[in-house]
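Working notes, structure below.
The values are calculated or read from the model by the stated rules, or taken from the named source; none is laboratory data. Computed from a prediction, not measured in an experiment: that's the story for all the values here. Cβ: placed from backbone, ideal geometry, glycine included. Neighbour counts: every protein chain shown.
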Amino acid sequence: MKNSNKLMWVMALVCVAIGGAAFFSYIGYSNTEVELRNQVEAQKQVLESHHDRMWSTLAQQAQVSDQYREVFEEVYPALMEGRYSANEAAGMLNINVVTEDNPEFDTSLYRELSRTIESERTSFHRTQSRLIDLHREHKSLVQTFPGSLMLAGRDDVEITIISSTRSRQAAETGIDDDRELF
Amino acid sequence: MLVWLALGIPVITTLVLYHFWKHEVVIWEFIIPFVVSLILVGICHLVIQKQMTDAIEYWGGIVTKAEYYERWNERVPCVHPEYCTRTTTDFEGNSRIETYQCGYIHPYDVANHPPYWQVRNTNNERIRISQSHYQRLVTKFGNSRFVDMNRNYHTRDGDKYESRWDQSEELAEITTTTHSYENRVKPSRSVFNYEEVSDEEIASYGLHTYPRIHTSYRQPVILGASGMDVRAAEREFQLLNGYLGSRRQVRVFVLLFENQPREAGYIQEALWIGGNKNEFVITIGLDGDRVDWAHVFSWSEKDRLKIDTRHFIEEQSEIDLISLAEWLRPQLRQRFERKEFEDFSYLKVDPPLWAILLVFFLVIAANVGVSYFVIQNEYREYRRNGWRRL
């Protein structure tokens, strides 16, 4: 084979190898980037749905607890008044005060509510963490070499972190000196 | 991934070969460095990924039967070739003696199969045990049955004896086996990963490492019970793991901490990287017999179950692990759901720098070897056209 022909073959081989590697790398990186972008977008909707479910659950449980408290507040004085007036008439007040079993306010609904709040908050935090993690993975892919070369010009995916005013202010100012819990 | 950049090395190899040894290398030989490098990098990539994401989880089960397979032997085709010689004559009339395989030395060989003992469990796994272990299980289960294996034997007909569990809780023999799975969180930079725990923290908080499996299939699940008699509670938790291990894919560990702050529970979680995917880990801080704090961690997304478990423990004035196990068993059966680690498949695993350098070194070495081979082999460029074999 002539040297010029051989050189041509070698250069063709090198070009095919480099071109093939670049082509398949681009396809791989591009597909991964699109998949991650779609996952981030889907997770944003999951987060919104989760947030809605969390507040619906908490609001309904709180309503049940409040309803119970209101009913109890209405019923309790009337109940006690009825009892004592009847007892006073019979002159038995001093004896019955120490022996009768008064209706007790059941705190289990509030205990249930507090556990639900913690559970829902933890679950929501995990959903939001997944969104943050997907976003981080996407940014790492786009910003680190060789992804930065392959995916140059691709936009970042915007995400919004759901947080409280207090947390946002603390994060922005670096100050959290409000020590009052209630 | 950076290891794939090693595929640039065969490009350099090709150019060097062409520049310095263009007459010793024929055209198709230039492809060899690319193929070898591609295969090598591909294998390295798979090995590195497997090595970095590999994790071990523990499965609970219950022995359903113990088996004893007797020694036996059988005839198998002979593997010892017999060689003969013969005289052949080539087309020029020269005769020579050649050796050829004309059969086998024996009509058959005999394969000996030694005896062995094993158990089968509710996860349909087989675990080898010792002879004395088998005898102890036969005594425990109180039955033994002969099973004719109907083997096509040579001189020794080995059969089987088996002893079966009667499904009662009293006689349940709990097993623990290890299984590997892919954990992409562990080597990643994910927000779900944990801070690394230092040796000083392990020592100062009295943190626990995973207990080893001993006596073929036993593993303690209550750790840190120094000075407490937890044998009855250990049995209860073993039963829990045995019964729910296969049904609910859950494994419970109870880790006790004497006079340690609540942070010990959090750092234990970091040390075990959240636990394995099937685990439900209960950490309890104790001040004598009094419960100081509890912290429950698991990859399971059933958060309410973890919170209820924590409250159940913290509402105990004195630690009562047996009542905890009795309460937990139906709770786990009804409410536990194992985390699917497929959910973390989006995580990219970057190999460490030393692994990348090692891959580059291997590819360079392979390219040098391939180059030497293509230069030294019998294929050379033919002066006028094409290639020729020397």
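Hey, can you tell me all the residues within the stretch B:251-310 that are polar (S, T, N, Q) and more than 24 Å from B:E57 (Cβ to Cβ)?
Quick first cut of the stretch B:251-310, residues polar (S, T, N, Q) only: B:259-260, B:268, B:276, B:278, B:283, B:298, B:300, B:309.
Residues satisfying the conditions are B:N259, B:Q260.
Looking only at residues in the stretch A:127-182 that are within 16 Å of A:E35 (Cβ to Cβ) and among the small types (G, A, S), the one that is modelled with the highest pLDDT is A:S140.
Listed here are the residues, each with its yes/no results for (1) assigned to a strand (DSSP E or B); (2) at pLDDT 95 or above; (3) assigned by TED's automatic domain parsing to the domain that holds B:A355; (4) of a type in the set (S, T, N, Q).
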residue: B:S37; (1), (2), (3), (4): no, yes, yes, yes
residue: B:G60; (1), (2), (3), (4): yes, yes, no, no
residue: B:K65; (1), (2), (3), (4): yes, yes, no, no
residue: B:F91; (1), (2), (3), (4): no, no, no, no
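When the residues of the stretch A:17-31 are narrowed to those that are surrounded by 13 or more Cβ atoms within 10 Å (Cβ to Cβ) and not small (G, A, S), which ends up nearest to the chain's Cα centre (by Cα)? It comes out as A:Y29. Against the conditions (1) out of contact with any Pro (no Cβ under 9 Å at 6 or more places or on another chain); (2) modelled with pLDDT of 95 or more; (3) not in a loop (DSSP other than H, G, I, E, B), B:W293 satisfies every one except (1).
Taking the stretch B:159-189 as the range and being of a type in the set (G, A, S) and at pLDDT 95 or above as the test, the residues that pass are B:S163, B:S168, B:A172, B:S180. Among the residues of the stretch A:139-152, the ones that are more than 9 Å from chain B (Cβ to nearest Cβ) and farther than 17 Å from A:A22 by Cα come to 2 in all. What is the number of the single condition among (1) in contact (Cβ under 8 Å) with a residue 24 or more places away in the chain; (2) in a strand (DSSP E or B) that B:C78 does not meet? Of the numbered conditions (1) in contact (Cβ under 8 Å) with a residue 24 or more places away in the chain; (2) in a strand (DSSP E or B), the odd one out for B:C78 is (2). Restricting A:E70, A:E48 to residues that are farther than 30 Å from B:F30 by Cβ, of a type in the set (D, E), away from chain B (no Cβ under 14 Å) and surrounded by fewer than 11 Cβ atoms within 10 Å (Cβ to Cβ) narrows the list to A:E70. Filter the stretch B:141-195 down to the residues that are of a type in the set (V, I, T) and in contact with an Asp or Glu (Cβ under 8 Å, 6 or more places away or on another chain), then identify the one that is nearest to A:L141 (Cα to Cα). Looking at the filtered set, the residue picked out is B:V191. Considering only residues in the stretch B:291-343 that are in contact with a Gly (Cβ under 6 Å, 6 or more places away or on another chain) and more than 14 Å from chain A (Cβ to nearest Cβ), the one that is nearest to B:R248 (Cα to Cα) turns out to be B:W293.
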